[in-house]
Every structure is written in structure tokens, then in C-alpha cells.
Amino acid sequence: MSGFAGFALRRAAGAVLTLLALSVIIYVVFYATPGNVAQITCGPRCSPEQVHQVAQQLKLDDPLYLRYWHFLEGIVAGQDYSTGTSVEHCSAPCLGLSYQSDQQVMRIILTKLPVSLSLVVGAMVLWLLLGVGTGVLSAWRRGRFTERALTGVTLAGIATPVFVIGLVLMIVICGQLELLPFPEYVSLSDDPEQWAWGLLLPWFTLALGEAAYFARLTRASMLETLAEDHIRTFRAYGVSERSIVGRHALRGALAPIIALNANDFGSAVGGAVLVESLFGLPGIGQELVHAVNVVDLPVVVGMVLVIGFFVVVANAVADVLYAVADRRVVLT
Amino acid sequence: MSEAFVAVEAAGTGTQPVPAVSGARQFWRRLRVQRAALVAAIVVALLVLVALAAPLLTAIEGQDPTTYHPSLVDSARGGVPLGSFGGIGGDHWLGVEPQTGRDLFARLVYGARVSLGVALAATAVQVAIGVVVGVAAALGNRWVDQLLSRITDIIVAMPLMIMALALLAVVPSSFPRPVLVALIIGFVAWGTIAKITRAQTLTLKELDYVAAARLSGWGTLRIARRELLPGLAAPVITYAALMVPANITIEAALSFLGVGVKPPTPSWGQMLTSADVWYQAAPQYLLLPAGALFLTVLALTVLGDGVRTALDPRAVSRLRVGTGRKGEAKADGGVGTVDAGVAKPAKTVGAGVEKEVRS
């Protein structure tokens, strides 16, 4: 098992390196842009004195690599910002200050994170159930009407942008049929029931497109496994088709699905931005769109890094899970 | 047995690249036998035609996409279009936009220009960067390869939408918006093409004819251009075909969020931004752009699947090209029945994992 532990460790180290490289790229792209960084960071309504103060706090006279180093220091050890009269402390994972909203970027993100996590995690459960279920069903009924119908539905699901799905669902279910109230976020700790009701439609919206993708993938993976020799042996022994598809083939087909689910996390996060904006859920995505619109650079940089963190971690976990699930994987 | 079959057979063994010129004919033949892909190709051709002929079509209608018609909306009721069915009539074939009274038909057909134009331009950027980075990584020394491959990994790992959104914040707004959106989508999503190109180039450069070119004293650039690029065409075209619908969706999404293509330039995604408010008074304001998006992405996705099947050497036995018999012309690779390979663009299907799997 030491080989495996080593693999997991190396993969974790790789993830840290990727994150570092990502932070360099992001930092350079956003803070080495043409134009007055202090003015952009501070916002259009800042007075010259305020802009000057921001320039000093960002240490804009330092070369770029030093500023980047300070930024990293802030993430690891926290940072103090002097606001002229007082000193504001920004504790350990410090991503800087948003001068436009006068808050620490990390605090903004932390207040929005539960909403986005609720959305993505709930939707992920749904799309895995729906997607894998549909994929298994169409592999089982291959060549029949059920499969063709499911194939059509999945294709439609892949071709419909997530915000169109959301718009239609919202208008039909909340507007016309009035089956559900318009989505609203209630904190899980406040009222779990309201939390689930309020997120039901966003969950489905985000999950449907992803489920279609996973249905396709599961079906393809299942068909591949069904063509393998050991399945033929099961057939020869008279194992029922139902048990072959539902148990033996599914087991073989699951490994790539697990790996892809985590890789797919990134695209789901992108979808979450749209779902949050559409339904007005106060999550990271909505905040990011707002920050982009008002060009609040520290918030944009912080959000991209936090999202990048989640995606990189998800990918690393996926690789490790994949190695656990499929012993043919060579650990390098 | 047709010559197309033989040529593909040869390509499948990996000893000889498909000649570029006769490849085009053979490709078309293998695409044509897939009924769904053929229908999709026709739909796409029509959409492109509509986009190109947008000025002509609106001239026939006698409208343009940007003129406000305040007299056609009821300002007392918040700008609901006057007349039945959202103002549909002889002057305005599909009605007018709520609040502004701009002609909906004109905005829809000009929106097709933006959608297809941005998506195709973005795909071109993705292919250009991806191929250059991929070839450079495969032909360069160990350090070049390491550096480029790591950067590619990061590009692949980052969510497209997030990166595109973030970049839109820093680029000066003086840039023409559709061009900007196309460039940004292009710059954040070339990773997978680079990976595919690198892998394919590594295979190709070991082949005898490349070695022969090297021995006869050709430089790296000349070898890359003359000997490697033709061999890269099939995988790159396959992936590019799948990228186009993905790019359409991303442009629509960015414009829907209000950070992509901005008014007065019409875009389908942008039209949907406020469509939910008006769905009762003017349902076509929601249904038309949504339907246009759906149809376009669907047709391009099916076409992309068809292109992949047509270029996949392994699919040759399923396609039975060129026998001309009716029953056989029905290809197995119809709507969504293609199993292998990349199922969804902008994804790295097992890319990071595949290399670790012992075959």
C-alpha cells in the first residue's frame, strides 16, 4: 500500500504546484494589465488621495515579483493593511481587500460559499443518479425503443444551454403551474426544509444538462464493458441479463465515471454561475458577475483562485479515486 | 471495395497519413452516409446562409436591428408590445422587442451572425494556439515540453466560464465587443487541442517519412509545416467541430450574464436576459432566441458527432461507405450513438488519467 500512499502524496504535491502556477498566471494577467491599476482597483468614484493610498497599500512601486510574493505571504500568513489612521488585520488565507465594497475578499467569499456549495453538491447528487441511471437503462435496453428515446432526450439535454433550461423550468413550474415558489436561498442551519425547497429548481436546472452528459458517458462505458470477455463468461454461465447489466457491467463501467465526475466539477461551477444569476441566489457566481461588471479586481482574482482551488483539489481526488477503483492504473 | 475504404484502412494502421486532397472527398462521402449528420449539415448550412444574408433578409422585411420604435410599445404598461402576439404583423414579421420596440426578426437574424461568427472565430483562435503549442511541446526539448505541458494542464483544469468572465473584467472596453468575446473564449479553451496535437505529433514524428525528411536536411519548421500538419488534420478537425457548439453556448452564456456581447449589437443570449419578465405578453421574445440557440447547438453537436465518425478509422466497418446499396447506407453512427472518444467538447475526457492506464 506504500506505493499507493506515495502516489497520493505525489498527486497532492502536483496539485499544490498547479495551484501555485495558476496563481502566478492570474496575478500577472490581472495586475500587469495596461492602465492605472490603483485607479481600477479603487473604483471609478475614488478621489486622487484614495487612489494614492491604494497604490501605497498595493505597494505598486515594487516590482511585480515582489508584489506577487507579498500576495502569497498574505495567503499563508495573513497581512496588515494600514488605512491611514488605523491598522486592519486580514487573517491567514488573506486574499486582499476589496476597496470598492470596503471588505476583505476572503470574508466576501466565505459568506457566499455556502450558497454555491449547497447548489453544486446537491445538483451533483442529482446528476449522478439521473445520469448513471439513464445510461444504465439505455445500455440495458440497447437496440430497443427505450434506448432510442433516451438517446434523443440526452442529446436535447446536451444541446440546451443551462440558462435556457432554467428559464423554461422557472416559467412553467413557478410561473404557470405554480407548483413551486420562485427559488430563494435559506441557510441550511436556519431551516433545512426551506433550504431544500428553495434549491429544488436550481438543483434540477444545473443537474439536467450534466445528467445528459453522464448518461451518454455511462452508456458508452457500459457498452464497452459489456463487450468484454468476462461478461461473455457470465452469460455462458447463465447469469441473468439484468444482473449482468446492473451489477457486473456497471462495476466495470464506474471507474471512468468517477474520474470524469470530478473533472466535470469545473464545468458545473461554470454552470452554477449561470444558475445563481438566473435565480438570484447570492452565491460566488453571482458575486463574480457583479465584480466583473464593476471591475473589482481583488474580488475577481480572489474568486478565480478559490474556484481554481476547488477544481484542482477535485481533479486530484478524482485521480486518486480512479486509482482505487481501477487497479489497472499504473501509479506514477 | 471502394478506394475510400482502402485509404482509410491504410490510415488506420498508422503507417501512412491520409493524403489531404483526396481526403476531403472521402470525408464527405463518409459524412453523407450518416443520415442524422447529413440533416444536421443542411440545418447548419441554412443557419450560415441566414447569418450571411441577414442584411438582405432585413431589407426585404424593411427593418433593421437597432432602430427604436417607441410608438409600437405601450409605455403605460412598462413597454409591452402593442397589438396581438407581441406586435406580429406585415411590418414586423416576428413582432417587436418589449420596451424598445426594436424589430425581433432583424435582431434574431443578426443574432445568428454574432453567434456563429463569434463561435467560429473563437474556434479558429483555439485551433491556432492549440496546434502551435502542441507541436512546439512535441518537437521542443524536454524543458520546453515540460513548461508548455504544465501550462496546458492548467488551462485544461480551469473552468472556461470562470476564466472568460474574469478576463472580461480587465480587457479595455474600447475593443469591439464580439471580437473581444471571440478572442477571450479562444484564449481560455485551447488546452485540449494542444494535448491532442502534442500526442499525435509525438506519434507522427517517429514515422519513417518524417525521419526521411529530417535526414535530407529539412529544418524543424519545414517538417512541422509540410510533414506533420497534414497528419494532424483529422484529430484537430474532429475536436474543432465539437468545440463550435460549445463556443456558441459560452458566448450565449456570457451575453446572458450581461458581460459578453452588449447592446445595441444583438445576441441570442443577451435577448434572453430579460425574456422571463415578458413571457406572458410576448412569449416569442423568449421562445425565438431560446429555440434558435437550441437548434443551432443541436445541429452543430450532431454534425460534430458525424465528423468524428467520418474521420475515425475504427468506424469504417460500421459506415460501409460506397457500396451504394440502400439498406447499407444507414450508418450506425446516427444521433448520439457514437461511443468512443470525446463525448463533450471543452472536456478532457480522461486526458489526465489515460496516460496512467496500462493498456
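In the set (1) at negative phi; (2) over 18 Å from the mean Cα position of the chain (by Cα), the condition left unmet by B:Gly258 is number (1). Among all positions in the stretch A:48-69, there is at least one residue which is outside any helix (DSSP H, G or I), buried (at least 18 other Cβ atoms within 10 Å of the Cβ) and hydrophobic (A, V, I, L, M, F, W, C).
Taking the criterion of being part of a helix (DSSP H, G or I) and among the hydroxyl-bearing types (Ser, Thr, Tyr), the residues of the stretch B:265-296 that qualify are B:Thr273, B:Ser274, B:Tyr285, B:Thr296. Comparison of A:Tyr27, A:Tyr68 shows that the only residue that is touching a Lys or Arg at 6+ places or on another chain (Cβ under 9 Å), of a type outside the set (Lys, Arg) and under 24 Å from B:Leu165 (Cβ atoms) is A:Tyr27.
Going residue by residue through the stretch A:119-133, is there one that turns out to be surrounded by fewer than 19 Cβ atoms within 10 Å (Cβ to Cβ) and within 14 Å of chain B (Cβ to nearest Cβ)? No, the stretch A:119-133 has no match at all.
Taking first residues from the stretch A:307-332 that are at pLDDT 80 or above and partners that are not in a helix (DSSP H, G or I), the Cβ contacts under 7 Å between residues at least 6 apart in sequence or on separate chains come to A:Ile307/B:Pro159; A:Gly308/B:Met158; A:Val311/B:Met158; A:Val311/B:Pro159. Scanning the stretch B:1-45 for residues that are at pLDDT below 80 and either in contact with a strand residue (DSSP E or B) (Cβ under 7 Å, 6 or more places away or on another chain) or among the aromatic types (Phe, Trp, Tyr) (or both) yields one hit, B:Phe5. Just one of the listed residues (B:Ala240, B:Ala252) is in contact with a Phe, Trp or Tyr (Cβ under 8 Å, 6 or more places away or on another chain) and either touching a residue at least 60 places away in the same chain (Cβ under 8 Å) or not in a loop (DSSP other than H, G, I, E, B) (or both), and it is B:Ala252. Give the residue, chosen from A:Gly175, A:Gly152, A:Gly143, that is modelled with pLDDT under 85, within 12 Å of chain B (Cβ to nearest Cβ), assigned to a helix (DSSP H, G or I) and surrounded by fewer than 17 Cβ atoms within 10 Å (Cβ to Cβ). Step by step, each of A:Gly175, A:Gly152, A:Gly143 is checked, and only A:Gly175 is modelled with pLDDT under 85, within 12 Å of chain B (Cβ to nearest Cβ), assigned to a helix (DSSP H, G or I) and surrounded by fewer than 17 Cβ atoms within 10 Å (Cβ to Cβ). Assess whether B:Pro159 counts as being crowded, with 23+ Cβ neighbours inside 10 Å and touching a strand residue (DSSP E or B) at 6+ places or on another chain (Cβ under 6 Å). In short, no.
Of the set (1) in contact with a Gly (Cβ under 7 Å, 6 or more places away or on another chain); (2) over 24 Å from A:Leu274 (Cβ atoms), all apply to A:Ser138 but (1). Identify the residue in the stretch B:189-233 that is under 20 Å from the mean Cα position of the chain (by Cα) and not hydrophobic (A, V, I, L, M, F, W, C) and, among all such residues, is surrounded by the most Cβ atoms within 10 Å (Cβ to Cβ). The residue in question is B:Thr197.
Scanning the stretch A:74-94 finds no residues that are within 14 Å of chain B (Cβ to nearest Cβ) and farther than 24 Å from B:Val188 by Cβ.
Filter the stretch A:1-37 for residues that are within 29 Å of the chain's Cα centre (by Cα) and not in a helix (DSSP H, G or I); which is nearest to the other protein chains (Cβ to nearest Cβ)? Across the stretch A:1-37, the extreme among qualifying residues is A:Thr33. Under the condition of being of a type in the set (Val, Ile, Thr) and in a helix (DSSP H, G or I), which residue from the stretch A:215-263 is surrounded by the fewest Cβ atoms within 10 Å (Cβ to Cβ)? Among residues in the stretch A:215-263 that are of a type in the set (Val, Ile, Thr) and in a helix (DSSP H, G or I), the one surrounded by the fewest Cβ atoms within 10 Å (Cβ to Cβ) is A:Thr233. Part of a helix (DSSP H, G or I), surrounded by fewer than 22 Cβ atoms within 10 Å (Cβ to Cβ) and at pLDDT 85 or above: is that true of B:Val133 in this structure? Judged against the criteria, B:Val133 is not a match. Against the test of being farther than 16 Å from A:Val29 by Cβ, in contact (Cβ under 8 Å) with a residue 60 or more places away in the chain and aliphatic (A, V, I, L, M), the options B:Leu204, B:Leu221, B:Leu215, B:Leu160 yield a single qualifying residue, B:Leu204. I'd like to know if the stretch B:139-148 contains one or more residues that are within 11 Å of chain A (Cβ to nearest Cβ) and part of a helix (DSSP H, G or I). Within the stretch B:139-148, one or more residues are within 11 Å of chain A (Cβ to nearest Cβ) and part of a helix (DSSP H, G or I). Residues in the stretch A:38-66 that are touching a residue at least 40 places away in the same chain (Cβ under 8 Å) and under 33 Å from the mean Cα position of the chain (by Cα): A:Ile40, A:Thr41, A:Cys42, A:Gly43, A:Val54, A:Gln57.
Out of the residues in the stretch B:160-206 that are over 28 Å from B:Leu221 (Cα atoms) and of a type in the set (Ser, Thr, Tyr), which is farthest from the other protein chains (Cβ to nearest Cβ)? The selected residue is B:Ser174.
For the stretch A:178-200, a tally of residues being buried (at least 16 other Cβ atoms within 10 Å of the Cβ) and within 13 Å of chain B (Cβ to nearest Cβ) returns 1.
Filtering A:Ala207, A:Ala212 for residues that are buried (at least 17 other Cβ atoms within 10 Å of the Cβ), within 11 Å of chain B (Cβ to nearest Cβ) and touching a helix residue (DSSP H, G or I) at 6+ places or on another chain (Cβ under 9 Å) leaves a single hit, A:Ala212. Look at A:Gly133 and say whether it is closer than 22 Å to A:Glu224 by Cβ and not charged (D, E, K, R). It is true that A:Gly133 is closer than 22 Å to A:Glu224 by Cβ and not charged (D, E, K, R).
Residues of the stretch B:278-297 that are within 11 Å of chain A (Cβ to nearest Cβ), in contact (Cβ under 8 Å) with a residue 40 or more places away in the chain and not small (Gly, Ala, Ser): B:Trp278, B:Pro283, B:Pro289, B:Leu293, B:Leu295, B:Thr296, B:Val297.
The values are calculated or read from the model by the stated rules, or taken from the named source; none is laboratory data. Everything numeric here is computed off the predicted structure, so don't read it as measured data. Glycine also receives a Cβ, built like all others from the backbone with ideal geometry; neighbour counts cover every protein chain displayed.
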